[in-house]
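Everything on this sheet refers to the single structure shown next.
The values are calculated or read from the model by the stated rules, or taken from the named source; none is laboratory data. These numbers were taken from a predicted model, which means no experiment stands behind them. Here the Cβ positions follow ideal geometry from the backbone for every residue, glycine too, while neighbour counts run over all protein chains shown. Accessible surface areas use protein heavy atoms only, side chains included; no ligands, DNA or RNA. Shrake-Rupley method; radii C 1.70, N 1.55, O 1.52, S 1.80 Å.
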Amino acid sequence: MAGNSQRRNRRTSNKKGMQVGSGGNRRRGLEGKGPTPPAADRKGHKKNRVANAQAKQAAARRPAPRRGGAKGTSEMVVGRNPVFEALRDGVPATTLYVQQYIDNDERVREAIQLAGERGGIHLMEAPRPELDRMTNGLNHQGLVLQVPPYEYAHPEDLTAAAYDNNEEPLIVALDGVTDPRNLGAIIRSVNAFGGHGVVVPERRAAGMTAGAWKSSAGTAARTPVSRVTNLTRALEGYQKAGITVVGLAADGEHTVEDLEALAGPVVIVIGSEGKGLGRLVGETCDYRVRISMPGGAESLNAGVAAGIVLYEVARRRA
């Protein structure tokens, strides 16, 4: 009996009990994993290490964009013709104020029509005393356009935009240019020749007013402007980032057509038509260049001078 019991126990112990399934893992494990990724994407591969090192170098060379530059102040454009021209030329606007019981002439109708077509501009009717108060008694002729504060870029935003497009930075800095029309014309040239922005100082310089917007012929919407408290420090910051600073001066040691540095990353500094570059700004520049003028003119308008130098840079980079 004991022997039979032992044999039964052995037979029982040799039987397999309940088995837990793999849940399909074995079947999935046999499936293919797709094509082999490129060597640069395979962790541990030599080409992968090289690609990672190059990416780190590019990140160290490329400053991260810093948003939230200075803000301008709001502005009022007054008068029937100025308001119509501002709306026609794409000057940003939030509200068009129209005087109650105004004589509905052609300019008034055109201004109201343009504001409606552009969209995003509120139409407000206001009594004449209210418009007088808003404009400090200026001759508004029953039309007032509210222009919002301009949002200036941070100086590093301009270089970041260039590097993001795999381009060498091309920036124009203005020293003592006080005419908004010159600022607008320079913005237009920067946009035309592939530049990445304009830098202006806060004091004793033109800012982004309605006049600058009009002179830019709409290109101010695509070309950032940065405003800085200290132009010299801003230029030094660009130099630390490996960008050459070239000042335009009538007595410059180099000519525009001979300076090889214009082919690389560069900030072009334009001074005022009368005084030229300030002393500290001029001393900060890596090079000072002049425009050859066989006709004998003593100086050029700032906008014209900027256009000539920007053309030369674009020609070298083509």
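Residues satisfying the criterion are present in the stretch 289-298 (criterion: hydrophobic (A, V, I, L, M, F, W, C), out of contact with any Pro (no Cβ under 6 Å at 6 or more places or on another chain) and open to solvent by 50 Å² or more (accessible area, probe 1.4 Å)). Any chance the stretch 277-287 includes a residue that's within 30 Å of Ala86 (Cα to Cα) and touching a helix residue (DSSP H, G or I) at 6+ places or on another chain (Cβ under 8 Å)? There is no residue in the stretch 277-287 that is within 30 Å of Ala86 (Cα to Cα) and touching a helix residue (DSSP H, G or I) at 6+ places or on another chain (Cβ under 8 Å).
Quick check on my filter: what residues within the stretch 97-119 are in contact (Cβ under 8 Å) with a residue 24 or more places away in the chain and in a loop (DSSP other than H, G, I, E, B)? Those that are in contact (Cβ under 8 Å) with a residue 24 or more places away in the chain and in a loop (DSSP other than H, G, I, E, B): Gln100, Ile102, Asp103, Asp105.
All conditions but one from (1) open to solvent by less than 10 Å² (accessible area, probe 1.4 Å); (2) within 19 Å of Arg317 (Cβ to Cβ); (3) under 20 Å from the mean Cα position of the chain (by Cα) apply to Gly264; the one that does not is (1). Only one of the numbered conditions (1) closer than 21 Å to Pro180 by Cα; (2) in contact with a Gly (Cβ under 7 Å, 6 or more places away or on another chain); (3) of a type in the set (Gly, Ala, Ser) is not met by Ala250, and that is (1).
Residues of the stretch 86-129 that are surrounded by fewer than 19 Cβ atoms within 10 Å (Cβ to Cβ), more than 14 Å from Pro148 (Cβ to Cβ) and of a type in the set (S, T, N, Q): Gln100, Asn104, Gln113. The C-beta contact set for the stretch 137-148 (first residue closer than 13 Å to Glu75 by Cα, second residue open to solvent by less than 40 Å² (accessible area, probe 1.4 Å) and not hydrophobic (A, V, I, L, M, F, W, C), distance under 7 angstrom, 6+ apart or interchain) comprises Val144/Thr135; Gln146/Thr95; Val147/Pro92; Pro148/Pro92.
Only residues that are among the hydroxyl-bearing types (Ser, Thr, Tyr) and either touching a Cys at 6+ places or on another chain (Cβ under 6 Å) or open to solvent by less than 10 Å² (accessible area, probe 1.4 Å) (or both): list them for the stretch 153-178, please.
Listed by number, the list holds a single entry, Thr159.
Looking across the stretch 147-173, the residues that are closer than 20 Å to Ala210 by Cα and touching a Gly at 6+ places or on another chain (Cβ under 8 Å) come down to Pro149, Tyr150, Glu151, Tyr152, Ala153. With respect to Asn139, determine if the residue is open to solvent by 30 Å² or more (accessible area, probe 1.4 Å), at negative phi and outside any helix (DSSP H, G or I). Considered against the rule, which asks whether it is open to solvent by 30 Å² or more (accessible area, probe 1.4 Å), at negative phi and outside any helix (DSSP H, G or I), Asn139 comes out as yes. The residue of the stretch 250-261 that is nearest to Asp175 (Cα to Cα), among those that are of a type in the set (Gly, Ala, Ser) and open to solvent by less than 50 Å² (accessible area, probe 1.4 Å), is Gly252.
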